[in-house]
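Have a look at the structure below before the remarks.
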């Protein structure tokens with residue numbers, strides 16, 4: 001019982017610690033690769049869950065489970081999320097509410113590999129794996145809480161209205177975890193959603 005009470009607190013402390021470290025590093029540029037904000041965030045988001053699960057059973061979200069169900073959930077959320085994104089992107093949005101225009105984008109393969117390794121996989125392992133479990137095992141609503149923390153983390157590092165909107169795709173990632181029982185559906189959704197601005201030429 002003590003573990004269930006303590007688990008959300010430890011998870012929230014881990015989240016706060018990672019966000020503070022990454023926010024600090026992002027404001028002090030370094031040429032050392034480990035101290036690049038995306039590299040450091042990815043390492044910490046992967047390390048904390050591995051450290052937590054090191055002595056226990058393999059978490060349920062590692063197992064693929066029902067592949068047919070996962071494919072249906074993935075397709076439904078992907079189509080719904082794509083429709084919402086492209087309607088949103090076509091609106092006349094105020095400054096800061098649209099996707100930021102970046103420097104010329106890298107080739108598609110390089111872009112996808114980087115998004116997978118530095119965003120989709122580590123963030124989903126942490127938020128829809130470790131944090132989701134921490135809230136769910138303690139009887140708290142995991143989808144909304146992990147989505148709120150996901151958006152809060154993005155805002156704490158680089159505040160903007162657009163980054164606040166990450167709450168909404170995070171809801172779809174959370175529902176993907178809930179309906180499929182695994183973290184692979186949220187990872188693929190995250191990777192796809194991060195690719196929408198690339199695909200639309202924003």
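Each value in this text was obtained by applying a stated rule to the coordinates, not by laboratory testing. Values in this document were obtained by computation on a predicted structure and should not be read as measured data. Because the Cβ atoms are built from the backbone with ideal geometry, glycine has one as well, and the counts that use them run over all protein chains shown.
Take the Cα atoms of the chain, find their three principal axes, and give me the spread along each one in whole Å, biggest first.
Projected onto the principal axes, the Cα atoms of the chain cover 51, 43, 30 Å.
Taking the beta-carbon count within 10 Å as an exposure proxy, list 183, 113 from fewest neighbours to most. Present the calculation step by step, with values, prior to reporting the outcome.
Working: 183 28, 113 12.
The most exposed by this proxy come first: 113, 183.
Report the dimensions of the range 94-202 along its three principal axes from the alpha-carbon atoms, largest first, rounded to Å.
Principal-axis extents of the range 94-202 (Cα, largest first): 45, 30, 20 Å.
By counting other Cβ atoms within 10 Å of each Cβ, how are 147, 60 ranked from fewest to most?
If I rank by nearby Cβ atoms, fewest first, I get 60, 147.
Taking the number of other C-beta atoms within 10 Å as the exposure measure, put 196, 24 in order starting with the fewest.
Values: 196 18, 24 12.
The most exposed by this proxy come first: 24, 196.
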